[in-house]
Amino acid sequence: MAEKEEYVKLIGSWASPFSRRVEMALKLKGVPYDYSDEDYLVTKSPLLLQLNPIYKKVPVFVHKGKVLLESHLILEYIDQTWTRNPILPQDPYGKAMARFWAKFVDEQVTLIGFRSLVKSEEIDVAIKEAQELITYLEKEITGKMFFGGETIGFLDIVVGSMIPFCLVRGWEGMGIDMIPKEKFPELNRWIEKIKEIEIVRECIPNREKNIEHMMKIVGRIKAASKTA
């Protein structure tokens, strides 16, 4: 347990890419933290509702009694508070571009990615749209060890938590090879590389359990769309 004045608590979910990325950052920085797992899609604990009454979602990050929400903001806070093993680029341009691509992943790739999972009647169109977006990431990682350069960084954490260890699991459950090696060789190389990193492996959800979870989410979304 961390000292009281440095006490860190994270409320997350084993299947949430947003809370998993916060765990990756904390482990990379070597920051001790207390973790509470929420099955927030089924029920929301009184603590979650108390600390995040606006969105009622994970992750919720608490440090020195102060509450932070939204994974990108939490990652930046962690990087600025614990300066060892920096995850954001030090130069302003590199930092701005890391934020740009992270926003692209969470707002564009994630949206189209989930659409490809639930729009079964338009699956070919959805796959094409998703792969067009993923092509930008293929170009961005080409010639680099990691998105962050020679070491894992902010964008690696964001992309890794969302695409290979979340969306890909859903696509696998649907029998879709969304990121074939022949079409995305550099992205596949990068995925294998980050799997070798211990702190990433510690935060990767169990594959079979995660696929089952993603299929449940897809089922709920489809059911809700039919009753809407």
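Each reported figure results from applying straightforward, stated rules to the coordinates on display, with no laboratory input. This one's a predicted model, so the numbers in the text were calculated from it and none came from an experiment. Counting neighbours? That spans all protein chains shown, and the Cβs are built from the backbone with ideal geometry, glycine included.
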Handout entry: Residue-averaged [θ]222 nm for the chain, counting only DSSP H segments that reach four residues, each worth -39500 (n - 2.57)
Key = -16000 deg cm²/dmol
Problem - Local electrostatic count, residue 35, Cβ distance below 9 Å [Lys/Arg +1, Asp/Glu -1] - result: -2
Handout entry: DSSP beta bridge pairing in the chain, given as percent antiparallel to the nearest 5
Key = 70
Practice task
Any lysines with Cα under 21 Å of the residue 183 Cα? List them, leaving off those in the same chain fewer than 8 positions away.
Solution key: 128, 139, 144, 193, 195
Handout entry: Gaussian network model of the chain, springs between alpha carbon atoms under 10 Å - residue of 193, 64, 27 with greatest fluctuation
Key = 64
Fill in the blank from the handout: By the DSSP-based rule, helices of the chain that are at least 20 Å long along the axis (C-alpha) and have a mean Kyte score of at least -1.0 are 123-141, 207-227
Handout entry: FRET efficiency, 1/(1 + (r/R0)^6) with R0 35 Å, evaluated for residue 195 and residue 133 via beta carbons
Key = 0.95
Fill in the blank from the handout: Computed over the chain, the distribution of all Cα-Cα distances in 5 Å bins, rounded to whole %, is 1, 6, 14, 18, 19, 17, 12, 8, 3, 1, 0
